[in-house]
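The values are calculated or read from the model by the stated rules, or taken from the named source; none is laboratory data. The structure displayed is predicted, hence computed values, not measured ones. Counting neighbours? That spans all protein chains shown, and the Cβs are built from the backbone with ideal geometry, glycine included.
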Amino acid sequence: MAFANSQVSDLLATTIAHRSRKLADNLEHNNALLAKLRQRGNVRPFSGGTHIMEEIMYDDGDDSTGSYSGYDVIDITPDSPISAAEFDVKQYARAVTISGMEIIQNSGREQMIDLLAGRVQVAEARLRNSISAGIYSDGTGNNGKEITGLDAALKSTATGTYGGIDRSTWAFWNNQYENNGGTAIDATNILNAMNRLALACARGTDRVDLIVADNVMFDLYQNALQAIQRVTNDTGSGMAGAGFTSLKYHGAGANADVIFDGGIGGNMPAKTMYFLNTNYLHFRPHRQRNFVPLGNDRQSVNQDAVVRLIGWAGNLTCSGLQFQGLLEDTN
């Protein structure tokens, strides 16, 4: 049904469309992991398909590569250990609503713009917060409709399926795990636990480059550093320069930002640190559903109001679980 006041309809549509790029930027700037992925160029829109595919290369135990001499026979058995993890496309939406009474009360063009801009900002903030929370979720919320977040990717046991691949069958598709041997983690032992996990996540030049911590673990790490008077990250560069509360971790060959992502409205699991190699993590929004208006106005037959939706579709994906780590205090 067409809305009677075309000016309102047009303003609502153009206001949302104009702000869609800003919303995408704000989402990435307000989430530490997404900010890091953006720096790396790992915010990669996709164009279509029933699933989001991430190609992976893995060690299948093939030993045909070797030395030879003269006329020795060389093994030419085809070897292509390349597969792909596949991730569902998850959808999010938020409504911007305005009633007939609000329309007549704000009938001047400037007043209407202010009203709509405020409504759109609220909708943007709520949508951004939902997706940011999804980044840390296990993907089971709302009957499996949430983003397949870090809580789905990083587990304490080699069980279950992630990205369509069974962890119990394929050892390369398991993250690294550390819980300090079941002993409570405190400021005196957290550095040792972090070093062990960082080493476990390393292969050649592949190193952890981002550590995300909740309130408890960040505070323990901060207290451990204060004992040796290590300083916070330079505010002019890195994640601290992006506005996040950040420390540096130098150990086990890794050089990583340690980001605090707890506090009011934080979504990190309690007593947890995620050790991330962001080279293998990707934020994959759909090109045509990246904070854009969804269709035309929606108007109820028995209500004096108009609704327009802001939509997003995509997922968080991974192409190398073995380079990611989970540190948690299980006490």
Item to check | Lone unmet requirement of (1) polar (S, T, N, Q); (2) touching a helix residue (DSSP H, G or I) at 6+ places or on another chain (Cβ under 7 Å); (3) surrounded by fewer than 20 Cβ atoms within 10 Å (Cβ to Cβ); (4) in contact (Cβ under 8 Å) with a residue 40 or more places away in the chain for N180 | outcome: (3)
Checklist outcome for this item: Within region 279-326, the residues that are out of contact with any Ser or Thr (no Cβ under 7 Å at 6 or more places or on another chain), within 30 Å of Y162 (Cα to Cα) and not in a strand (DSSP E or B) are N279, S319, G320, L321, Q322, F323, Q324
Item to check | Filter result for the condition that a residue is crowded, with 19+ Cβ neighbours inside 10 Å, modelled with pLDDT of 95 or more and assigned to a helix (DSSP H, G or I), over A152, A123 | outcome: A152
Checklist entry - Out of (1) at pLDDT 90 or above; (2) touching a strand residue (DSSP E or B) at 6+ places or on another chain (Cβ under 7 Å), the odd one out for I310 is which? => result (1)
Item to check | Residue, surrounded by the fewest Cβ atoms within 10 Å (Cβ to Cβ), within region 131-149, restricted to residues that are polar (S, T, N, Q) and closer than 24 Å to Q324 by Cα | outcome: T140
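This table checks each residue for (1) buried (at least 19 other Cβ atoms within 10 Å of the Cβ); (2) free of Cβ contacts under 8 Å to residues at least 12 places away in the same chain.
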residue: D166; (1), (2): no, yes
residue: A171; (1), (2): no, no
residue: T188; (1), (2): no, no
residue: A200; (1), (2): no, no
residue: D206; (1), (2): no, no
residue: A213; (1), (2): yes, no
Next on the checklist: For region 47-75, give me each residue that is surrounded by 10 or more Cβ atoms within 10 Å (Cβ to Cβ) and modelled with pLDDT under 75.
Outcome noted: M57, Y58, D60, D62, S64, D75
Next on the checklist: Name the single residue that is modelled with the lowest pLDDT among those in region 234-276 being more than 21 Å from I131 (Cα to Cα) and in contact with an Asp or Glu (Cβ under 6 Å, 6 or more places away or on another chain).
Outcome noted: G238
Item to check | region 264-301, subset more than 22 Å from L37 (Cα to Cα) and either basic (K, R) or under 20 Å from the mean Cα position of the chain (by Cα) (or both), residue surrounded by the fewest Cβ atoms within 10 Å (Cβ to Cβ) | outcome: I264
Next on the checklist: Please determine whether any residue of region 76-94 is out of contact with any helix residue (DSSP H, G or I) (no Cβ under 6 Å at 6 or more places or on another chain), farther than 30 Å from R287 by Cβ and modelled with pLDDT of 75 or more.
Outcome noted: no
